[in-house]
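Below is one structure, written out as structure tokens; comments come after it.
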Amino acid sequence: VDNITDSGGSELLGRRNAIINGNFGVNQRGVSGTVSLSAGEYGHDRWKAGASGCTYTFSTTEGVTTIDISAGSLIQVIEDVNLVTDTYVLSWEGTAQGKIGAGSYGDSGVTGSVTGGSNLNIEFDTGTVSRVQFERGNKPTPFEHRSYGEELALCQRYFYRWDGTSYQAGGFAGMNHLSTLGFCSVPFPTTMRSTPSLATVDHTKFQLLQGSGALTPTAITLLDSNITEASLSINGTGMNAGNGIMLWPNASPPFGTLEFSSEL
């Protein structure tokens, strides 16, 4: 069955938008204030700085987040599996100009030929930008709103942050292998794009619960991972070999976080 299109060839059914987090509503890294990113560094989910870095602020009004880029550029890399060979149109709200791949910058409504099976950069220069959409056809259609839960799950394919927001936030089960070494497993909420890396973990913001009480780990590192879960190696002293353990956030702030990335 062919997709229903308008007179400009743009699809009218749902799931038109190949951009993820086009409304900038997902912000797992918790950036705030004036955001200064070095080249390739991510801010809001799925959006990273261009070759010259990026400086921006943002505000949210009535559920719409607007990014205001004062220097550099902001890029989203669309994954190859989400594109087919066709003509696409890029649209947005705001004063920034955008471009498709190696094309030229232009105002909202930029079109370009896309080759399926290849990653593609969507890039914005200085100015304001919100409600970004990239869809098949040559005529923009109204911005496709997805629920926050769906947008978050799409973002977590590329980046997952576990945030110990309180002592009651829960933790991860495992077992002590030696008196100085234990392991625990961290399941991911969605299948990640590829085997992720783990950002440096501040072990002092965690505690290790075992039968004889709690202790502070001396190190937490990535032992192994796949696209559905990760195994963490936990070092410490006074660990009871053979006992079950829980890796848990501290009893009071600051609480520990874990960040896993398979970004493009």
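Tabulated data
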| item | result |
| --- | --- |
| Of residues in region 95-112 being within 22 Å of the chain's Cα centre (by Cα) and open to solvent by less than 30 Å² (accessible area, probe 1.4 Å), the one nearest to PHE124 (Cα to Cα) | GLY98 |
| In region 25-38, the residues that are in a loop (DSSP other than H, G, I, E, B) and either at positive phi or not aliphatic (A, V, I, L, M) (or both) | GLY25, ASN27, GLN28, ARG29, GLY30, SER32, GLY33, THR34, SER38 |
| Residue in region 165-174 that is outside any loop (DSSP other than H, G, I, E, B), open to solvent by less than 70 Å² (accessible area, probe 1.4 Å), in contact with a Leu (Cβ under 7 Å, 6 or more places away or on another chain) and under 29 Å from ASP202 (Cβ atoms) present | yes |
| Total residues in region 178-197, condition in contact with a Phe, Trp or Tyr (Cβ under 6 Å, 6 or more places away or on another chain) and not charged (D, E, K, R) | 4 |
| Strands (runs of 3 or more DSSP E) (entirely within region 209-264) containing at least 1 residues that are of a type outside the set (Lys, Arg), touching a strand residue (DSSP E or B) at 6+ places or on another chain (Cβ under 7 Å) and within 30 Å of TYR42 (Cα to Cα) | 219-225, 229-235, 244-249, 257-261 |
| Residue in region 39-51 that is acidic (Asp, Glu), part of a strand (DSSP E or B), farther than 23 Å from GLY117 by Cα and modelled with pLDDT of 95 or more present | no |
| Residues satisfying the stated conditions in region 62-94, i.e. assigned to a loop (DSSP other than H, G, I, E, B) and exposed (fewer than 14 other Cβ atoms within 10 Å of the Cβ) | GLU62, GLY63, VAL84, THR85 |
| Subset of region 177-208 (residues that are open to solvent by 40 Å² or more (accessible area, probe 1.4 Å), under 24 Å from LEU152 (Cβ atoms) and either modelled with pLDDT under 95 or assigned to a strand (DSSP E or B) (or both)) | SER185, PRO187, SER197 |
| GLY22 vs. criteria surrounded by fewer than 19 Cβ atoms within 10 Å (Cβ to Cβ) and within 26 Å of GLU135 (Cβ to Cβ) | no |
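The values are calculated or read from the model by the stated rules, or taken from the named source; none is laboratory data. Note that the coordinates shown come from a computational prediction; the quantities given were computed from them, not determined experimentally. Cβ atoms come from the backbone with ideal geometry, glycine included; neighbour counts cover every protein chain shown. These area figures cover heavy atoms from the full protein model, side chains too; ligands, DNA and RNA do not enter into them. Shrake-Rupley method; radii C 1.70, N 1.55, O 1.52, S 1.80 Å.
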